[in-house]
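To keep things clear, I will list the structure first and then write my remarks on it.
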Amino acid sequence: QEKYLSIIHGEAQRLNRLIDNVLNTAKIEKGIKEYHLHETDLTEVLKASIGIMEYQLEINGFTLQTNLYNERLIVNIDADAIQDMIINLISNSIKYSSEVKEIQIESGYFDEEKVFLKIIDKGIGILSEDVDRLLKPFEKTEKKQYYNQSTGLGLAIVKHIVDGHNAKILFKGEANKGTEVTVIFNRGTDEKSINN
């Protein structure tokens, strides 16, 4: 019973994330997507996001390694939006991996004024020449074996969330060897609301 309940719960979460992505895309296109930024511990948001994705990682046979900063990483963020961003990035790593099912997540200080989170996989690799295209809604990888696994919304939503936080996202990929995604946040103290 516990096994079947876990499956039902995990699939319900997956479908809910798909619906949320569609709704978020609609808000973005209408220009009414709003982010409320507050001082938040990024480490806790990462841990919560990983917990949500445990089921998907397990059923897809993934090994997850974490190297999270062992103290609080305080940044001004919309915690729900950043959680959505992290989940979308982990989901992409799951979708676009093949034989080597390994994901690594790191966080820490980028410098005195910035903190970072990083997600590394051993999948098909996002090439630099494809990044701009894949950050647009409904754009997907052209590799046939992966094409139908995605709605093409995840990375576009990720980009909007990053922009809405005045953050920066970097992609480093190599064909069939994996992708390294780094998101860099400015540390700040003023609470604010950003409407995009």
**OP:** Roll a 1.4 Å probe over the protein heavy atoms and report the accessible area of Ile8 in Å², nearest 10.
**Re:** 110 Å²
Original post:
Want the number for Arg187 to Lys168: 0.36 nm per residue separation, take away the alpha-carbon distance, what's left?
Top reply: 5.6 nm
Original post:
Taking H as built 1.01 Å from N, whose amide H comes closer than 5 Å to the amide H of Lys114, not counting residues under 5 places away?
Top reply: Arg187
Original post:
How far apart, in nm, are two points set 7 Å out from the Cα along the Cα-to-Cβ line at Val100 and at Glu113?
Top reply: 3.6 nm
**OP:** Apply 1/(1 + (r/R0)^6) to the Cβ-Cβ distance of Glu39 and Ala12, taking R0 = 25 Å, and write down the FRET efficiency to the nearest 0.05.
**Re:** 0.20
Original post:
When all protein chains stay in place, what accessible area (Å², nearest 10, 1.4 Å probe) is found for Ser128?
Top reply: 100 Å²
**OP:** Provide Phe185, Phe62 ordered by accessible surface of protein heavy atoms (probe 1.4 Å), highest first.
**Re:** Phe62, Phe185
Subject >> Residue-span extension gain [Lys177 to Ala48] - 0.36 nm each, minus C-alpha spacing >> reply: 43.7 nm
Subject >> Heavy atoms of Asp78 accessible to a 1.4 Å probe, total area in Å² rounded to 10 >> reply: 20 Å²
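The values are calculated or read from the model by the stated rules, or taken from the named source; none is laboratory data. Model, not experiment: these values are computed from the prediction. No Cβ is skipped: glycine too gets one built from the backbone with ideal geometry, and neighbour counts run over all protein chains shown. Heavy atoms of the whole protein, side chains included, go into the accessibility calculation; ligands, DNA and RNA do not. Shrake-Rupley method; radii C 1.70, N 1.55, O 1.52, S 1.80 Å.
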